[in-house]
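Any read-out appearing in this document is the output of simple, stated calculations on the displayed coordinates, not a laboratory observation. Computed from a predicted structure; not experimentally measured. FYI the Cβ positions are ideal-geometry reconstructions off the backbone, even for glycines, and counts take in every protein chain you see.
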Amino acid sequence: MSVTTPPPTTTAPDPFSQRLKNATWNDHSTAEHHGFTKALLEGELPLDGYTAMVAQHHFAYVALEGVARELADHPVAGGFHRPELERVPALERDLEHLLGSEWRDRISPSRPTRTYVARIEQMVDHPEGFVAHHYTRYMGDVSGGQFIRRVAVETYGFEKGAGTAFYDFGALGSLPRFRSDYRDRLDALELDEAAAGLLIEETRLAYRLNTEVLADLGRHHV
Ligand code: HEM
């Protein structure tokens, strides 16, 4: 009787989307468990704090979506954006609801938001880095953002989506499917080790920049 040796077990490397999530999940936790987000999630953030967050989002998304348009035909960055993701029109509706028709005169970017915006704008020349910023915001908005939306409706008594249009991704269809397609796109990127490392590092930076925006909001509104 011959003894057959089992074939050596080989473990396939994690797909890039999983590697990216694993490598950045601590940074996510820092952003998620911040004092400002904690107050928001516990329904203890005053409405002016929520409004201030929407205003800071507006500056970041004007930058993100401006760069997305410039990189629309880029073979790497162009695959990630779609018209249904555009948040600026929704943020403008929310700001009009929260601050009235003169909202533009009533908002200004905080110092951390200016730093964040400057970094996003630099990504015009670094398309892989732009993917990092795109991922950090939009995948967050279609994930934890949906939870924030429910809390905001309960806390502030918003009706018919007024004030939370930012979190409404109805035009995308199924969000689980969107997230899964997004991960497939990340996995299809043909990144060498150096480019993969840069994308991961830029995502960590994007989380830190977001956390600094939240920390500043927390100093003024919690
Ligand atoms: C406000 C508190 C937050 C909560 C409750 C929250 C919650 C979540 C949840 C439940 C997921 C899905 C995890 C999964 O698919 O297994 C997620 C994913 C994600 N969140 Fe958050 N999040 C919060 C804040 C943030 C912030 C501030 C950012 C960045 C600015 C962010 C960015 C992301 C990203 C990029 C993902 C996708 C991760 C991946 O699947 O690759 N989140 N979040």
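Structure summary
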| read-out | value |
| --- | --- |
| Cleavage-rule hits, GluC sites (Glu not before Pro), segment 97-160, DSSP coil, Cβ neighbours within 10 Å at most 10 | Glu102, Glu159 |
| Sites Glu84 and Arg19, calculated FRET efficiency, Cβ-Cβ separation with R0 30 Å, nearest 0.05 | 0.65 |
| Total formal charge among the other residues, if their Cβ is under 12 angstrom from that of Lys160, Lys/Arg +1 and Asp/Glu -1 | -1 |
| Net length gained if the chain between Arg69 and Lys38 were fully extended (0.36 nm per residue, minus Cα distance) | 7.8 nm |
| Ratio of the Cα radius of gyration of segment 134-183 to 2.2 N^0.38 Å, where N counts its residues | 1.18 |
| Neighbour cut-off at most 14 other Cβ (10 Å), DSSP loop, GluC sites (Glu not before Pro), segment 28-60 | Glu42, Glu44 |
| Over segment 34-221, relative contact order from alpha-carbon pairs under 8 Å, at least 6 apart, % | 36 |
| Ellipticity estimate at 222 nm from DSSP helix runs (n ≥ 4, -39,500 (n - 2.57)) divided over the chain, nearest 500 | -20000 deg cm²/dmol |
| Fully extended contour minus Cα-Cα distance, from Arg150 to His220, at 0.36 nm per residue | 22.8 nm |
| Segment 161-212: trypsin sites (Lys or Arg not before Pro) falling in loop per DSSP and having at most 14 other Cβ within 10 Å | none |
| For the chain, Kirkwood radius (reciprocal of mean inverse C-alpha pair distance, Å) | 18.6 |
| Added length on full extension, which subtracts the Cα-Cα distance from 0.36 nm per residue, Lys160 to Val124 | 9.3 nm |
